[in-house]
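Notes to accompany the following structure.
Nothing in this text is a laboratory measurement; each read-out follows from the coordinates by a stated rule. All figures in this text were calculated on a predicted structure; none of them were measured in a lab. Counting neighbours? That spans all protein chains shown, and the Cβs are built from the backbone with ideal geometry, glycine included.
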């Protein structure tokens, strides 16, 4: 699996994502706490459209109680999974309840790409991110019994928006605990498998 992570939207090396008529699935669940969670849909789909993708939303909540294999089948149709920013803990709960981590193990052809919360989701865990996002946020339909598990796709942690006050606090916390992490400033990106 190829992995593209950025701090905010598309970074400086986003040309590596250029597709030739490929299908992108956009995950907006990090914004589920907001009534107008799709308000940036045109912007997100426009960014990917400029790279050659046709876009559809993948709402992970639709896979919380579905039969085994349905999410895997949906991912099989796509070339790119684009996971947008918002609250990393809300996103992680949506992903955990949907079984996204397991589904991705069956999707070797897929490129995982995300920014901000979407980049954090790829991390080994969400340590430090509680200083940036509220882990107690539970949008309608969510409950505290749903684990906020990361996907552990990269074996380290990502701190997006490096240089901002809350990001600096998160980085300081991880440093104090001796934990590995990567900091990304807005505009920077991290590529694995390209």
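Data for the structure
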{"item": "Tail fraction, Cα-Cα pairs, the chain, threshold 21 Å, whole percent", "result": "47"}
{"item": "Ranked list, fewest to most other Cβ atoms within 10 Å of each Cβ, for 82, 64", "result": "64, 82"}
{"item": "Share antiparallel - DSSP beta bridges, the chain, percent rounded to 5", "result": "15"}
{"item": "Inter-label distance, nm, simple model (7 Å from Cα along the C-beta direction), residue 1/residue 176", "result": "3.2"}
{"item": "Over the chain: helical MRE at 222 nm, DSSP H runs n ≥ 4 each giving -39500 (n - 2.57), nearest 500", "result": "-7000 deg cm²/dmol"}
{"item": "Gain on full stretching of the segment that runs from residue 143 to residue 62 - 0.36 nm per residue minus C-alpha separation", "result": "27.6 nm"}
{"item": "Taking 83, 124, 27 and counting other C-beta atoms within 10 Å, the order from fewest to most", "result": "124, 27, 83"}
{"item": "Cα shape, the stretch 1-102, gyration tensor, a/c 1.5 rule", "result": "oblate"}
{"item": "Proxy reagent accessibility, fewest Cβ within 10 Å first, across 134, 79", "result": "134, 79"}
{"item": "Gap separating the Cα centres of the stretch 4-68 and the stretch 76-155, nearest whole Å", "result": "13"}
{"item": "Three-way shape call for the stretch 105-194 based on the alpha-carbon gyration tensor, with the a/c threshold at 1.5", "result": "oblate"}
